[in-house]
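Read the figures in this text as sums done on the coordinates, not as results from a lab. All values reported here derive from a predicted model rather than from experimental measurement. Note that we place each Cβ from the backbone using ideal geometry, even for glycine, and neighbour counts take in every protein chain shown.
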Amino acid sequence: MPIRQGSIDHLCGIYSVLNATEVVVGKYVVDRRMGHRSNQRKTLFGELVAHLASKNELEAALTTGIDNVDAGLIDIAVKSVKTYQGQKMRKCPAFDTDWVPLDEYWERLATHLEQPGTAVIICISGRREHWTCVKAVTDNALVLADSNGMKQISRGHCLVGAEEKGMYSLWPTMTHLLSIIDVDVDVD
C-alpha cells in the first residue's frame, strides 16, 4: 500500500489554515502578479512553510505537529488574502476558556457559520490529534473541509475541554473564527 500524503507528516495545522482560507474566500481571484506558474494555494502554502522555517519550527511541525495555528499562521493567511485577493479576513478567538458546555460551543460555531464568507479552525484530540476546518454545522455534526478526508464529526462523539476514550475532544481556546469583513474591495 502506498504512503498517503499526511500519513507520516503532521502538517494538518497548515492544511487547516489553507482550507479555512479557501472556504472564507471562495474561489480565488487570479492575481496576474503571481504569474502563470503559481496559484494562491501554492503561494499561501509556501508562505506558511516559510513562516515555520523562520521560527525554526518546520522540523517539529513535520514530525510532531503544530501546537497552535494562531502562532502566526492565521496572520500569514490574513495578509495573503489582503495582498492577493483584495479582501480583509478577520480572525477571532471563539472562547477565552475551555470550560464551555457542548451546547454553547455548538451554537457559537453554528451562529458564526450562518454568515457568508466564514469558516472555523478547530483542534481536536482524543480519537485523533488533528487541526481541521469546519465549514458548516448541523444539529448533529460539524461538516469539515479536511486534509485527511474526514467529512464530518458527529455531535454524539464530541465533548468539550476533556478527553474520554473513543470521543473527539474539542478545545474552545484553540477554536478560531475566520470571516471576510469587507467583501466589496476591488482587486487590482
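Around GLU129, with a cut-off of 11 angstrom between Cβ atoms, what is the net charge of the other residues, counting Lys and Arg +1 and Asp and Glu -1?
Its environment carries a net charge of 0.
Only four residue types carry charge here, +1 at the Cβ of Lys and Arg and -1 at the Cβ of Asp and Glu. Report the dipole size of the range 44-164 about the Cα centre in Debye, rounded to the nearest 20.
My answer is approximately 580 debye.
Could you work out how far apart the two model spin labels at ASP96 and HIS157 are, taking each label as a point 7 Å from the Cα in the direction of the beta carbon, and quote it in nm?
Modelled inter-label distance: 3.4 nm.
For a footprinting-style exposure proxy, rank MET150, MET89 by other Cβ within 10 Å, fewest first.
MET150, MET89
Return a whole-number percent for the relative contact order of the chain, with Cα pairs under 8 Å and 6 or more residues apart as the contact set.
28 percent
Can you find, among HIS130, PHE45, ALA71, the residue sitting farthest towards the positive end of the charge dipole of the range 12-181, where Lys and Arg contribute +1 and Asp and Glu -1 at Cβ?
Checking the options against the dipole of the range 12-181, the answer is PHE45.
In which sequence would ASP9, ASP70 go, from the one with the fewest C-beta neighbours within 10 Å to the one with the most?
Going from sparsest to densest Cβ surroundings: ASP9, ASP70.
What number comes out for the charge environment of THR175, summing +1 per Lys or Arg and -1 per Asp or Glu over other residues with Cβ under 13 Å away?
-3
Which pairs, out of LYS42/LYS135; LYS88/LYS165; LYS27/LYS165; LYS79/LYS165, put more than 29 Å between their alpha-carbon atoms?
Over 29 Å Cα-Cα: LYS88/LYS165; LYS27/LYS165; LYS79/LYS165.
What percent antiparallel are the DSSP beta bridges of the range 12-181, to the nearest 5?
Beta bridges within the range 12-181, antiparallel portion: roughly 90 percent.
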